[in-house]
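Enquirer: Once you've had a glance at the structure underneath, I'll fire off some questions.
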Amino acid sequence: MGTLVFDIETVGERWQSIDEHTKNVLTRWAKKSAKNELEEKALVGDVKNGLGFSPYTGEIVALGLYDVERSQGVVYFQSNEKDVEFEEGNYVFRSRTEKEMLEDFWDGVQSYDTFVTYNGRGFDVPFINIRSAVHNIRPTHDLMHYRYLNRQEEIFHVDLQDQLTYYNAVHRKPSLHVVCRAFGIESPKVEGEEGDDVAQLYEAGRFKKIAKYNARDVVATTELYEKWLQYLAPYSFINRIT
């Protein structure tokens, strides 16, 4: 079959569009734990800024994929224009609604048996699964099945954060930027954007910039996978995929 690297970018709902009851539910803990009004304001601000980290209050605005064996990638991204398509390097960029990109994702992954992410088990895959269900789409692969590589069979999901921290044996989980820096890989943050900037870019209508940032995440994850595969991957895994 083949190896597919993937990554998502997300944004949260507009706070103004959320009903009052839901707002109260989301901020209840902040109001209870705050020691004063200033701290409460800061904690509520964290809630508002963190809506994009939950599939229940956020959505996917870019989904990048890269076929390792074919050296070809695609980034699906939300846009205010229909049928936008352009190429840059080994990537094709195509505008899609969230539902369309998820349909394309689950249709395409059936051609692969190895999947690579960075913190995919902690973020990307649960987010994709929940948002798929929201759109009445059933996943075609169980990408959360068996966290440990030595227990995985037929379908492999290599979460590089798991592998490079030895399943959290390392004291702190490093970000993709920190790991890339250590391995001499160009960080996806090289042009200044961070994941936290995606919401602002989305509000400003800079959809192509989000798509290109997503592609850089996928490029970095791919290069990190190749480094891990060459120097750190267990021989039992290498033997099963070759």
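Enquirer: What are the residues in the stretch 19-75 that are under 28 Å from Met1 (Cα atoms) and free of Cβ contacts under 8 Å to residues at least 40 places away in the same chain, if any?
Expert: Ser71, Gln72, Val74
Enquirer: Of the residues Leu51, Leu63, Leu26, which single one is at negative phi and touching a Phe, Trp or Tyr at 6+ places or on another chain (Cβ under 7 Å)?
Expert: Leu63
Enquirer: Among the residues of the stretch 119-134, is any in contact with a helix residue (DSSP H, G or I) (Cβ under 8 Å, 6 or more places away or on another chain) and under 17 Å from Pro234 (Cβ atoms)?
Expert: Within the stretch 119-134, none of the residues are in contact with a helix residue (DSSP H, G or I) (Cβ under 8 Å, 6 or more places away or on another chain) and under 17 Å from Pro234 (Cβ atoms).
Enquirer: Here is a further query. What do you reckon, is Val116 crowded, with 19+ Cβ neighbours inside 10 Å, out of contact with any Ser or Thr (no Cβ under 6 Å at 6 or more places or on another chain), at pLDDT 95 or above and closer than 19 Å to Gly52 by Cβ?
Expert: For Val116, the condition - crowded, with 19+ Cβ neighbours inside 10 Å, out of contact with any Ser or Thr (no Cβ under 6 Å at 6 or more places or on another chain), at pLDDT 95 or above and closer than 19 Å to Gly52 by Cβ - is not met.
Enquirer: Restricting attention to the stretch 50-63, does a residue exist that is more than 30 Å from Glu87 (Cα to Cα) and assigned to a helix (DSSP H, G or I)?
Expert: Taking every residue of the stretch 50-63 in turn, at least one turns out to be more than 30 Å from Glu87 (Cα to Cα) and assigned to a helix (DSSP H, G or I).
Enquirer: In the stretch 205-242, what residues are among the aliphatic types (A, V, I, L, M) and either surrounded by 14 or more Cβ atoms within 10 Å (Cβ to Cβ) or modelled with pLDDT under 95 (or both)?
Expert: Within the stretch 205-242, Ile210, Ala211, Ala215, Val218, Val219, Ala220, Leu224, Leu229, Ala233, Ile238, Ile241 qualify.
Enquirer: Now for a different question. Among the candidates Ser33, Ser17, which residue alone is over 28 Å from the mean Cα position of the chain (by Cα), among the small types (Gly, Ala, Ser) and loosely packed, with under 12 Cβ neighbours inside 10 Å?
Expert: Ser33 is the lone residue from the list that is over 28 Å from the mean Cα position of the chain (by Cα), among the small types (Gly, Ala, Ser) and loosely packed, with under 12 Cβ neighbours inside 10 Å.
Enquirer: From the list Glu87, Glu69, which residue is more than 17 Å from Asp197 (Cα to Cα), part of a loop (DSSP other than H, G, I, E, B) and at pLDDT 95 or above?
Expert: Glu69
Enquirer: On to the next question. Residues Val218, Val178: which one is under 16 Å from the mean Cα position of the chain (by Cα) and of a type outside the set (D, E, K, R)?
Expert: Going through Val218, Val178 in turn, the sole match is Val218.
Enquirer: Can you tell me which residue within the stretch 54-77, out of those that are touching a Lys or Arg at 6+ places or on another chain (Cβ under 7 Å) and not aromatic (Phe, Trp, Tyr), is farthest from Gln16 (Cα to Cα)?
Expert: Val74
Enquirer: So which helices (runs of 4 or more DSSP H) are wholly in the stretch 195-242 and hold at least 3 residues that are touching a residue at least 24 places away in the same chain (Cβ under 8 Å) and among the aliphatic types (A, V, I, L, M)?
Expert: So the answer is 207-231.
Enquirer: Of the residues in the stretch 1-26, how many are modelled with pLDDT under 90 and of a type outside the set (A, V, I, L, M)?
Expert: Final tally of qualifying residues: 0.
Enquirer: (1) among the aliphatic types (A, V, I, L, M); (2) at pLDDT 95 or above; (3) over 19 Å from Ile210 (Cβ atoms); (4) more than 17 Å from the chain's Cα centre (by Cα): which one isn't true of Val92, the others all being true?
Expert: (3)
Enquirer: Against the condition among the hydroxyl-bearing types (Ser, Thr, Tyr) and part of a helix (DSSP H, G or I), how does Ser79 come out, does it pass?
Expert: no
The values are calculated or read from the model by the stated rules, or taken from the named source; none is laboratory data. Computed from a prediction, not measured in an experiment: that's the story for all the values here. Positions of Cβ are generated from backbone atoms using ideal geometry, with glycine treated the same way; all protein chains shown enter the neighbour counts.
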